[in-house]
Amino acid sequence: EKWPFKCECDSLPTLMPISLTFSRPSIIGVTAYSDCASYLGFERWAVDPGFQRSTCDGGATWVAATFAAEHPNASYNGGTKDGWVDSSNAELRDLGLPQPVEKAAPLTTFISTFTTIFRPAESCGAWNVTSVQRQVRLSGFERGPGGGVACASKKCIELGRGGSEVLLSGSVVKTVMVRFASEAAYSVVALRSDDGGYEWRFIAVVLSFEKAETHEGATENSLTTLSDGVTLLCVMRVAGGDYGSGYRPYVMRTSPDGGYTWSNIPSINGVGSVLPSLWKGQLMHTGKAVTHAGSGTHSAIQPILLSGGRLNASNHDIYVWLNAEGDGLRWLPFSLSYWHNQLEPNASLHFTPAVNSSVAETMSYTSLVRTGPRSGFITYGFHRQGIRTFSMPFELSWEDRRH
């Protein structure tokens, strides 16, 4: 559970063991296959993607979600599957399912007439909901392959199951799945907003269908910054064993300039193949600030966690990987089914060896939600005795051995 690694801190070699500790899991509810993913939250509050269940204690317990104000257009905008976390303002934002301006492909611009903002209310499980009647605009897709998006359905532009990151400048980068007019399947692209989430511009292809080199293309993804506080890391699915696609490890790409350009970093063999989720913590102040050009000052070790799973045909387990240095290069695996069985007292709710051979016990879909600099929780599915979604809190800690 502890992984010693060397770090140059104040020019002194330091041996620092980092521990990842899991706590007893809780049942969120009996749900559908997909409801173990796309949870959004901050500090101690979080909610499921359909806004049915909510937590106010960091994922330890869950209650029915309620609204302190009438939710607008609930028939088609009733959750946060197309949303993002505005951590700077402690709120969740939904994009309002933008619709295309053009009547036929290739489509270049998508617009919705409002955005929905969710803020936690005083009562546990309650959320204040505000509908801002201001246009949300996604534009610039003519710069992509084929001159734009192939069609208007969610099969051609998927705003959910992607990542978002608020940069030090206050701008937001969101990575989404897009099917361009000239491509047979998905690419992952970067959108950027400099006005708090209303005007979104296509700025780059992170990984194209062609370069993914699978018939799935580049699909489910997650986004964070590395420990330097500047470089973006995007982790993407390219083949998760569905539809005879085989299994390929996640593809990882980084951007040093806020999402405008992307380059490969080595993919790690044995790191999963479906719906990655990223989390970044903050552990140790080095005592000496490190200044990065144009980004302010950074003085902490910021480890990264990655969750997902379904490594290959004989291992469909759920995993959490720890990248202690926060550079996206070395990943230490933790089997979630193992820790679930160790910490869940009800043996009838334990995983069995069948978790390795099929999707009968889990789809390996997860979410990582940050509740503090060192803490968070992971959500995951358990398919025995009905489809249940669990949350398991975790915490990172360290022992400073500098002398």
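The values are calculated or read from the model by the stated rules, or taken from the named source; none is laboratory data. Nothing here was measured: the structure is a model prediction, and the numbers come from that model. Every residue, glycine as well, gets a Cβ built from its backbone with ideal geometry; the counts of neighbours run over all protein chains shown. All accessible areas refer to the heavy atoms of the entire protein, side chains included, with ligands and DNA or RNA removed. Shrake-Rupley method; radii C 1.70, N 1.55, O 1.52, S 1.80 Å.
Just one of the numbered conditions (1) modelled with pLDDT of 90 or more; (2) part of a strand (DSSP E or B) is not true of Leu159; which one?
Evaluating Leu159 over (1) modelled with pLDDT of 90 or more; (2) part of a strand (DSSP E or B) leaves (1) as the failure.
Taking Pro393 as the residue in question, decide whether it is farther than 20 Å from Val271 by Cβ, modelled with pLDDT of 95 or more and part of a loop (DSSP other than H, G, I, E, B). First the steps, then the outcome.
Values: farther than 20 Å from Val271 by Cβ: yes; modelled with pLDDT of 95 or more: yes; part of a loop (DSSP other than H, G, I, E, B): no.
No.
Kindly list, by first and then second residue, each pair from a residue in region 346-373 that is within 13 Å of Gln385 (Cα to Cα) and touching a residue at least 12 places away in the same chain (Cβ under 8 Å) to a residue that is small (Gly, Ala, Ser) and in a strand (DSSP E or B), limited to pairs with Cβ atoms under 7 Å and residues at least 6 apart or on different chains.
Thr362/Gly381
Only residues that are under 18 Å from the mean Cα position of the chain (by Cα), at pLDDT 90 or above and open to solvent by 30 Å² or more (accessible area, probe 1.4 Å): list them for region 41-81, please.
Within region 41-81, Glu43, Arg44, Trp45 qualify.
If you take the residues in region 187-231 that are in contact with a helix residue (DSSP H, G or I) (Cβ under 6 Å, 6 or more places away or on another chain) and under 22 Å from Gly308 (Cβ atoms), which one is surrounded by the fewest Cβ atoms within 10 Å (Cβ to Cβ)? So that I can check it myself, show each step before the final result.
In the first step, residues of region 187-231 are kept if they are in contact with a helix residue (DSSP H, G or I) (Cβ under 6 Å, 6 or more places away or on another chain); the result is 187, 202, 217-218.
Checking which are under 22 Å from Gly308 (Cβ atoms) leaves us with 187, 217-218.
Details: Ser187: 24, Gly217: 26, Ala218: 29.
It comes out as Ser187.
One residue is enough: does region 382-389 have a residue meeting the conditions under 17 Å from the mean Cα position of the chain (by Cα), closer than 15 Å to Ile28 by Cβ and hydrophobic (A, V, I, L, M, F, W, C)?
Checked against the condition, which is being under 17 Å from the mean Cα position of the chain (by Cα), closer than 15 Å to Ile28 by Cβ and hydrophobic (A, V, I, L, M, F, W, C), region 382-389 yields no hits at all.
Name the one entry in Ser263, Ser277 that is out of contact with any His (no Cβ under 8 Å at 6 or more places or on another chain), modelled with pLDDT of 90 or more and open to solvent by 40 Å² or more (accessible area, probe 1.4 Å). Break it down into steps so the answer makes sense when it comes.
Numbers: Ser277 fails: open to solvent by 40 Å² or more (accessible area, probe 1.4 Å).
Answer to the selection: Ser263.
Confirm whether Phe110 is in contact (Cβ under 8 Å) with a residue 60 or more places away in the chain, crowded, with 21+ Cβ neighbours inside 10 Å and farther than 30 Å from Ser227 by Cβ.
Working: in contact (Cβ under 8 Å) with a residue 60 or more places away in the chain: no; crowded, with 21+ Cβ neighbours inside 10 Å: yes; farther than 30 Å from Ser227 by Cβ: yes.
It is false that Phe110 is in contact (Cβ under 8 Å) with a residue 60 or more places away in the chain, crowded, with 21+ Cβ neighbours inside 10 Å and farther than 30 Å from Ser227 by Cβ.
Quick one: Glu165 ticks every box in (1) modelled with pLDDT under 90; (2) buried (at least 17 other Cβ atoms within 10 Å of the Cβ) except a single one, so which number is it?
It is condition (1) that Glu165 fails.
Restricting attention to region 336-369, which residues are of a type in the set (Phe, Trp, Tyr) and out of contact with any strand residue (DSSP E or B) (no Cβ under 8 Å at 6 or more places or on another chain)? Outline the logic, then answer.
Residues of region 336-369 that are of a type in the set (Phe, Trp, Tyr), as a first pass: 338-339, 351, 365.
Within region 336-369, Tyr338 is the sole residue that qualifies.
If you check Ala360 against the conditions, is it modelled with pLDDT under 95, more than 22 Å from Leu305 (Cβ to Cβ) and open to solvent by 50 Å² or more (accessible area, probe 1.4 Å)? Working first, answer last.
Values: modelled with pLDDT under 95: yes; more than 22 Å from Leu305 (Cβ to Cβ): yes; open to solvent by 50 Å² or more (accessible area, probe 1.4 Å): yes.
For Ala360, the condition - modelled with pLDDT under 95, more than 22 Å from Leu305 (Cβ to Cβ) and open to solvent by 50 Å² or more (accessible area, probe 1.4 Å) - is met.
Quick one: in region 309-331, of everything that is surrounded by 17 or more Cβ atoms within 10 Å (Cβ to Cβ) and part of a strand (DSSP E or B), which residue is modelled with the lowest pLDDT?
So, considering only residues that are surrounded by 17 or more Cβ atoms within 10 Å (Cβ to Cβ) and part of a strand (DSSP E or B), the one modelled with the lowest pLDDT is Asn315.
Which is surrounded by fewer than 23 Cβ atoms within 10 Å (Cβ to Cβ), over 16 Å from the mean Cα position of the chain (by Cα) and either under 16 Å from Gly140 (Cβ atoms) or at pLDDT below 95 (or both), of Pro256, Pro249?
On the way: Pro256 fails: either under 16 Å from Gly140 (Cβ atoms) or at pLDDT below 95 (or both).
Residue meeting the stated conditions: Pro249.
Would you point out the residue of region 86-116, among those that are among the β-branched types (Val, Ile, Thr) and modelled with pLDDT under 90, that is farthest from Ala181 (Cα to Cα)? Even if it seems obvious, please write down each step before you answer.
Within region 86-116, the subset among the β-branched types (Val, Ile, Thr) is 101, 108-109, 111, 113, 115-116.
Filter once more, keeping what is modelled with pLDDT under 90: 113, 115-116.
Numbers: Thr113: 25, Thr115: 27, Thr116: 30 Å.
Looking at the filtered set, the residue picked out is Thr116.
Would you mind stating whether Val206 is modelled with pLDDT of 95 or more and assigned to a loop (DSSP other than H, G, I, E, B)?
Details: modelled with pLDDT of 95 or more: yes; assigned to a loop (DSSP other than H, G, I, E, B): no.
Answer is no for this residue.
Output yes when any residue across region 133-145 is at pLDDT 95 or above, open to solvent by less than 40 Å² (accessible area, probe 1.4 Å) and within 24 Å of Ser367 (Cβ to Cβ), and no when none is.
yes
Restricting to region 370-391, give me the number of residues that are buried (at least 24 other Cβ atoms within 10 Å of the Cβ) and either out of contact with any strand residue (DSSP E or B) (no Cβ under 7 Å at 6 or more places or on another chain) or of a type in the set (A, V, I, L, M) (or both).
1
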